[in-house]
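Step one of this worksheet: look at the structure below.
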Amino acid sequence: MTKSTFLTANWRYLAMLNYTIEPDILRPFVPTGTELDQWNGHTFVSVVGFLFLNTRLVGLPIPFHQNFEEVNLRFYVRRRGATGWRRGVVFIKELVPKPAIAAVARLVYNENYQALPMRHTLERRSTGVIMAAYGWQVNGQWNRLEVTTAGAAHPIADGSEEEFIAEHYWGYAAQKNGGCVEYQVEHPRWRIWQVQHSRLQCNVAALYGPQFANSLSARPSSAFLAEGSAVTVRQGTKL
């Protein structure tokens, strides 16, 4: 049975930097009822920056809270459902510039949202190259996630690392009582641009925890820019 709609929006220009990480680092964050998902024997975390546009909660636009940036750190899990495996994401932390958005997400899903000053830059050059950058300010210092594309947008290849990163349609959030909330995220399959340059400038230990510092200071396993689309997030189910 399809759940009612919690949120609709357009997610655009998703800059994804993906890093391999030791599974033991993530195990304390794995919600009850799920298990770590892997691709070709590797476990990943991703830093993702994107634009949240035309946002509506339960069908209603919220004044001054429709268009904003988000940057998140996420990893990948799966859960066996009645019709097979459901592949999903778990968020370590999600950054937005709107305190009300952060408060609602914490209240409804117990997601670890934090409100910080944020900004973005999006340049489409005459050569077809796109530069997308997302910034967030912590303790007076600006942090930055940046990608510069190469070539034209193209469909995601079946069986690729990019498919593993982008093609997750469920979210899982651990709850304070030890349980878990599962929610469905609906969107079409995205096209992506390959990236010729990427950069993450961030005090990882202070923002996410020292256990993530080594992985996120290494060269990304992959980096790409997804064009995005309209997205529907369904009401959650307690597991």
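Some notes on this structure:
- Of everything listed in (1) at positive phi; (2) open to solvent by 50 Å² or more (accessible area, probe 1.4 Å); (3) at pLDDT 95 or above, the single unmet condition for Arg12 is (1).
- Residues that are among the acidic types (Asp, Glu) and either under 15 Å from Tyr13 (Cβ atoms) or in contact with a Pro (Cβ under 8 Å, 6 or more places away or on another chain) (or both), drawn from region 146-202: Glu146
- In region 210-237, the residues that are among the aliphatic types (A, V, I, L, M) reach residues that are part of a helix (DSSP H, G or I) with C-beta atoms within less than 7 angstrom, at least six apart or across chains, in these pairs: Ala213/Val204; Ala213/Ala205; Leu216/Val204; Ala226/Ala166.
- Members of region 21-50 found to be in a strand (DSSP E or B) and closer than 20 Å to Gln201 by Cβ, listed by number: Val45, Ser46, Val47, Val48, Gly49, Phe50
- Enumeration of residues in region 95-125 that are charged (D, E, K, R), modelled with pLDDT under 95 and in contact with a strand residue (DSSP E or B) (Cβ under 7 Å, 6 or more places away or on another chain): Lys98, Arg106, Glu111, Arg124
- Helices (runs of 4 or more DSSP H) completely within region 129-239 that count 2 or more residues being open to solvent by 20 Å² or more (accessible area, probe 1.4 Å) and of a type in the set (D, E, K, R): 161-166
- Annotation note: of Arg56, Arg86, the sole residue that is surrounded by 17 or more Cβ atoms within 10 Å (Cβ to Cβ), out of contact with any Leu (no Cβ under 6 Å at 6 or more places or on another chain) and charged (D, E, K, R) is Arg86.
- The residues listed here are Val181, Val233; of these, the one that is modelled with pLDDT under 95 and under 15 Å from the mean Cα position of the chain (by Cα) is Val233.
- Qualifying position, being among the hydroxyl-bearing types (Ser, Thr, Tyr), open to solvent by 30 Å² or more (accessible area, probe 1.4 Å) and farther than 28 Å from Thr121 by Cβ, among Thr43, Thr32: Thr32
The values are calculated or read from the model by the stated rules, or taken from the named source; none is laboratory data. Everything numeric in this text was worked out from a predicted model, so none of it was measured. Please note: Cβ atoms are built from the backbone with ideal geometry, for glycine as well, and neighbour counts cover all protein chains shown. Accessible surface is based on the protein model in full, side chains and every heavy atom, while ligands, DNA and RNA are left aside. Shrake-Rupley method; radii C 1.70, N 1.55, O 1.52, S 1.80 Å.
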